[in-house]
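Single-structure report; data block below.
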Amino acid sequence: IPVHPFDLVIFGATGDLSHRKILPSLYRRMLVGQMPAGSRLIGAARSKMTRAEFRKTVREALGEFVEAKHQKPEAIEEFLNAIDYVAIDATGDAGWGALAKKLDEKPDNIRAFYLSVAPALFAPIAARLAQTGIATPESRIVVEKPLGHDLASAKTLNAELRKHFHESQIYRIDHYLGKETVQNLMAIRFANALFEPLWNSHYVEQVQITVAESIGVAGRGAYYDKSGAMRDMVQNHMMQLLCLTAMEPPSKFDPDAVRDEKLKVIRALDPLKVSDTVRGQYRAGGGDGSYLDHVGNPASRTESFVGLRVHIANWRWSGTPFYLRTGKKLTARVSEICVVFKHPPHTIFPQVDTLRGNALIIRLQPNEGITLRVAIKDPGPGGMRLVEVPLDMTFAGTLGPDGDLPEAYERLIMDVIRGNQTLFMRGDEVEAAWEWADPILTAWEESGSRPMPYDPGSAGPIDVYKLTGSDGHLWREIA
Ligand code: BG6
């Protein structure tokens with residue numbers, strides 16, 4: 001879909017997110033013709049730099065973070081031509097006049113401000129943008145986690161942003177919502193008649209949501225140790241996956257209709273009991289240091305792994321447990337949602353008990369795709385033996401290699417320009433998710449207990465098996 005010419009101002013343009021994700025994503029969009037002539041990317045950061053110097057850093061970032069097959073010298077030149085730079089003092093006066101002047105050169109361009117900066121700067125920058133008149137009523141402002149540290153700070157942040165911007169102008173990124181398969185979850189559920197009638201506790205035995213990572217926190221220890229897996233992954237990314245899996249069909253595919261339904265899921269969550277949670281912290285191993293080494297804090301009680309058993313108290317889901325787990329330094333990098341269906345009510349085959357049951361597995365990464373596990377007769381003359389096989393809808397097979405799927409940020413940044421908030425979190429969603437997470441974070445802290453150690457390359461601390469095991473269920477292998 002073509003977009004109107006735009007000016008995207010990236011605050012913190014010299015930082016890691018800008019180099020790794022924002023700029024390469026925009027470059028890839030340009031390659032497919034989605035950056036209309038006259039659009040500009042204006043870097044804004046504290047460093048005193050000329051436009052040429054900033055372009056040089058962008059060129060280096062593209063060299064490092066864009067796949068080799070997309071490194072096209074002419075396209076890179078064209079992209080760099082659209083790049084500008086303003087040195088700005090986020091909390092002082094310097095640079096704001098220059099930014100205003102630059103933007104006024106193209107008054108018809110859509111204005112979007114991406115705050116790729118420390119959260120403490122969100123409110124001061126929002127205020128400056130409004131007070132200087134740089135932000136118009138049509139401008140969009142983009143912020144990204146951490147959106148608060150708890151309910152109180154999230155409320156304060158929302159209130160600060162809303163002093164200067166209307167909710168319809170605020171784009172809160174959760175990059176998981178930009179992932180192709182996450183959007184496909186909505187398509188699978190709401191564009192097919194097949195699944196929805198079965199999508200409830202009468203037919204669904206359990207749901208497992210896994211976001212496993214093989215990397216540790218080395219290099220990000222200072223941020224991570226103040227955050228932990230619950231704040232870093234569960235309150236935001238995993239909560240979004242849970243919502244999209246569990247929500248009622250919205251009446252239309254419209255930002256507020258979708259977000260209203262997600263919000264209802266969060267509000268229907270039963271309060272978490274400590275006994276339904278498992279926290280872990282990885283040990284040293286495989287030639288690498290432990291979590292404590294990586295964060296440089298031998299007394300840290302921050303969790304690098306969380307496992308949860310979650311109950312949704314509504315008609316659709318009452319009685320179906322949702323198991324969530326996420327952690328660093330696990331067996332492999334795997335994100336997936338697995339919906340396990342109940343066994344048939346009556347069995348006519350002898351070894352049905354050895355089958356795991358039908359399951360719909362929505363694979364976010366790697367090997368994006370959707371698989372339906374079904375039982376069939378084991379081919380051959382061996383009698384009526386059953387075997388479970390995947391009905392495979394891996395996108396690599398249907399849509400080309402996964403490298404060709406757009407990156408989450410490509411989709412999300414273009415949605416900002418289009419003014420489509422469907423894949424962005426609304427302020428009330430963020431607050432509701434904190435309201436749910438806060439009591440358990442407090443309970444862990446007050447308990448004074450330490451997370452359970454686990455080996456790097458494992459599936460997490462041993463107790464995580466009890467979460468599913470006590471219901472007679474088994475975690476899927478992380479592979
Ligand atoms: C980020 C977290 O939001 O998501 C990181 O801060 C995590 O700790 C990352 O590694 C995972 O994202 P992805 O897209 O690699 O699954």
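Values quoted throughout were computed directly from the atomic coordinates according to the rules given, and no laboratory measurement underlies them. Keep in mind the model is a prediction, meaning the values are calculated, not measured. Here Cβ is always computed from backbone atoms with ideal geometry, including for glycine, and neighbour counts include all displayed protein chains.
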Item to check | So Gln208, is it within 16 Å of the ligand (Cβ to nearest atom) and of a type outside the set (Phe, Trp, Tyr) | outcome: no
Next on the checklist: Go through (1) under 17 Å from Val258 (Cα atoms); (2) out of contact with any strand residue (DSSP E or B) (no Cβ under 9 Å at 6 or more places or on another chain); (3) not in a helix (DSSP H, G or I) for Asn200 and report which single condition fails.
Outcome noted: (1)
Checklist entry - Which of the helices (runs of 4 or more DSSP H) contained wholly in region 361-479 include at least 3 residues that are farther than 30 Å from His19 by Cβ? => result 427-447, 464-469
Checklist entry - Regarding Leu308, is this residue among the aliphatic types (A, V, I, L, M), within 21 Å of Ala437 (Cβ to Cβ) and buried (at least 21 other Cβ atoms within 10 Å of the Cβ)? => result yes
Checklist entry - Which pairs do you get when a residue that is farther than 18 Å from Asp16 by Cα and part of a helix (DSSP H, G or I), found in region 208-226, comes within reach of a residue that is away from the ligand (no atom under 12 Å from the Cβ) and among the aliphatic types (A, V, I, L, M), reach meaning Cβ atoms under 6 angstrom, with the pair 6+ apart or on two chains? => result Asp225/Val295
Checklist entry - Within region 237-250, which residues are away from the ligand (no atom under 12 Å from the Cβ) and either among the basic types (Lys, Arg) or crowded, with 19+ Cβ neighbours inside 10 Å (or both)? => result Met239, Leu242, Cys243, Leu244, Thr245, Ala246, Met247
Item to check | Residues of region 21-58 that turn out to be among the basic types (Lys, Arg) and farther than 18 Å from Leu8 by Cβ, as a count | outcome: 3
Checklist entry - If you go through region 19-44, how many residues are crowded, with 24+ Cβ neighbours inside 10 Å and among the small types (Gly, Ala, Ser)? => result 2
Checklist outcome for this item: The number of residues in region 242-288 that are in contact (Cβ under 8 Å) with a residue 60 or more places away in the chain, among the β-branched types (Val, Ile, Thr) and in a helix (DSSP H, G or I) is 4
Next on the checklist: If Pro255 meets every condition in (1) within 16 Å of the ligand (Cβ to nearest atom); (2) within 18 Å of the chain's Cα centre (by Cα); (3) surrounded by fewer than 20 Cβ atoms within 10 Å (Cβ to Cβ) apart from one, which number is that one?
Outcome noted: (1)
Item to check | Within region 162-212, considering residues that are of a type in the set (Lys, Arg) and within 30 Å of Ile125 (Cα to Cα), the one surrounded by the fewest Cβ atoms within 10 Å (Cβ to Cβ) | outcome: Lys163
Next on the checklist: Suppose the filter is within 16 Å of the ligand (Cβ to nearest atom) and of a type outside the set (Ser, Thr, Tyr); does Gly296 pass it?
Outcome noted: no
Item to check | Val234 within 12 Å of the ligand (Cβ to nearest atom) and either of a type in the set (Asp, Glu) or touching a strand residue (DSSP E or B) at 6+ places or on another chain (Cβ under 9 Å) (or both) | outcome: yes
Next on the checklist: Residue pairs, Cβ under 7 Å, 6 or more apart or interchain, first in region 171-188 and of a type in the set (A, V, I, L, M), second crowded, with 23+ Cβ neighbours inside 10 Å and part of a loop (DSSP other than H, G, I, E, B). List them.
Outcome noted: Leu177/Leu423
Checklist entry - Taking region 344-365 only, how many residues are under 12 Å from Tyr203 (Cα atoms) and surrounded by fewer than 15 Cβ atoms within 10 Å (Cβ to Cβ)? => result 2
